[in-house]
Structures are given as C-alpha cells and as structure tokens.
Amino acid sequence: MFFHAHPDDEALLTAGTMAMLAAEGHRVVLVVATAGERGLAEMAPGEELGQARLEELYASAALLGCARVECLGYGDSGLSPKGGIAEERPDNAFIDADTEAAAKALAAILQEEQADLLAIYDPAGGYGHPDHVQVHRVGKRAAKIAGTEIVLEATVNRDPLLWLLRVAGRFYKFPPEFDVRTFESAYSPGEAITHRVNVRRFTRQKRASMAAHASQASGGDSDRTLAVMLKVPRPIYRFVFGTEWYVRRDLPPGTRLTHPFERWPK
C-alpha cells in the first residue's frame, strides 16, 4: 500500500516502484488523504478541482497497475508551511485531523488488504508540505496499529540534489522566492537511505502517470514542477527519474537494498 497526501504525489516519488510491484504480480493499493482541492491549477480551488484531481488519480493508478484506490476524505491543508491561516482552512483539513483517528482509518484498509508493506514519507514530509508531514505521522501510527511489518519512507537523496541546485545556481538565476538552503533540511541524506530501487524499466509508466495529472501542469505564476519534468527528453528522463529512494527505520545504518521486499541480512 502506498499512502500519499494528494493526487499526483504518487507520480512524483513512487510511481516506478508501484508499476514494478504490479508487474511482479503484487496487489498494489493507493490511498490519498485528500483530493488536493486547494492545489494550484487553471480552475479555481474547491470541490470542482478536487473532483478533477481524483479523476486524474484514478487514471494514474490504472496506468501503474493499481488494484484499488481510496481517498480518506480529509481537506487539503494548502501549500504554506503551516497550512495557512486556520480560519481559511477547511474544517476537516488533514493537518488538523486527530492523528489517532486518521491512523485507525488507514489501518482498517491495511488490515482489510492484509498489506505486507506501507509506503509513506520521511519525517520532513519530503519538501516540508504540512500534509506530507502528517502522512508520515499518520502512516507510521497506522502501520503499528495494523501490524504492518515493512514501512518505507519515500524520499529523495538530497546530497546530489543539493549539488545540482548549487551548480545550476551558477548558470541560472532562481526566482527570489526560491531558496536553495531550504533543501538542506528537505528529504533525506544519502547515509540514511536504505533502498535505492532501479525503476528505469518502468519510467514509461511513471511519465504517463505524471501526464495523467494535467491540472497540475498549469496554474500559478511560473512553470509548475510537473510541467518542467514532462519536458525532459525521454532518454534523460529515464536516467534522472530511474531511481526511487526509501528509508526503512528498523534496518541498521549503511543498509543498501534494491527492492522493497529484499531481506536484510541477505
């Protein structure tokens, strides 16, 4: 089972792994906490956007071979670091949810599916989105309630990412609101990563999954991250997006595995 905050998150961090596991014959289940109705898009935030994003989620999941898709039905908390002003958030915003209650809802699906593995985010929530941080908290607790043995924290190796951003900064002027230093605490350092999963054989599905989220390729004042990724030439895309990273906290430091179900020690 893969637990994400919003539609399109699955495409960015775990799509290759999901497609790989489905191709191997595993039953893959995708759960999102919210419909992403407060995301940036050409259409105004709200119920209409949420419905459109869920439809995109179903299309993405089908492309990846998912057997089931569920939305927990919480409200999108928004993009600002703390979810914005509380009065402006929906009454059921995910970051305001009772962690235990949300965890029990997710655990019920884990138990129904008899899931062997749950993928969530690292404690930083990747780049720090409040709903992503909440996914970590809720997912970790849900796995404990359900007795799910394997918990993988989807992340990115921030070491080469920081290097690339610093090199790029020498040749490209980032917008004023973009601060490379924020990535010093985002995602996970290479030394913490336990799983480096080669998904190059499944980058076609991963790219198609990204493209399914058309609403998230537009909107805002500048090029959206998804739109930029989809412009990457296919051979380069396969190289850049051909690895997905995870941290499994119950394994010793220095563990280097290449498959979610690979056992340690070998």
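The values are calculated or read from the model by the stated rules, or taken from the named source; none is laboratory data. All of these numbers come straight from a predicted model, not from anything done at the bench. Ligands, DNA and RNA are stripped out before the accessible areas are found, and what is left, the full protein with its side chains, is counted by its heavy atoms. Shrake-Rupley method; radii C 1.70, N 1.55, O 1.52, S 1.80 Å.
Quick one: accessible area per residue over the chain, 1.4 Å probe, rounded to a whole number of Å²? On a per-residue basis, 50 Å².
Element breakdown for the chain at a 1.4 angstrom probe: carbon and sulfur atoms account for 54% of the accessible area.
Amide H contacts of residue 199 (H built 1.01 Å from N, in plane; Pro and chain starts excluded): 243, 244 sit under 5 Å, all sequence-distant by 5 or more or on other chains. Computed on the chain, the Cα convex hull volume stands at 126 Å³ per residue.
Which value at 222 nm does the chain reach when only helices count, each DSSP H run of 4 or more adding -39,500 (n - 2.57), with the total divided by all residues and rounded to the nearest 500 deg cm²/dmol?
-12000 deg cm²/dmol
If you take the Cα centroid of the stretch 101-137 and the Cα centroid of the stretch 230-266, the two points sit 19 Å apart. For residue 118, nonlocal amide neighbours, meaning residues 5 or more places apart or on other chains whose placed amide H falls under 5 Å from its own, are 150, 151, 152.
Close amide H partners of residue 71, meaning residues 5 or more places away or on another chain with modelled amide H under 5 Å apart, are 32.
Put simply, the C-alpha atoms of the stretch 1-60 give a gyration tensor, and the ellipsoid matching it has half-axes of 25, 9, 9 Å, longest first. Per-residue accessible area (protein heavy atoms, 1.4 Å probe) orders 201, 249 as 201, 249, starting from the largest.
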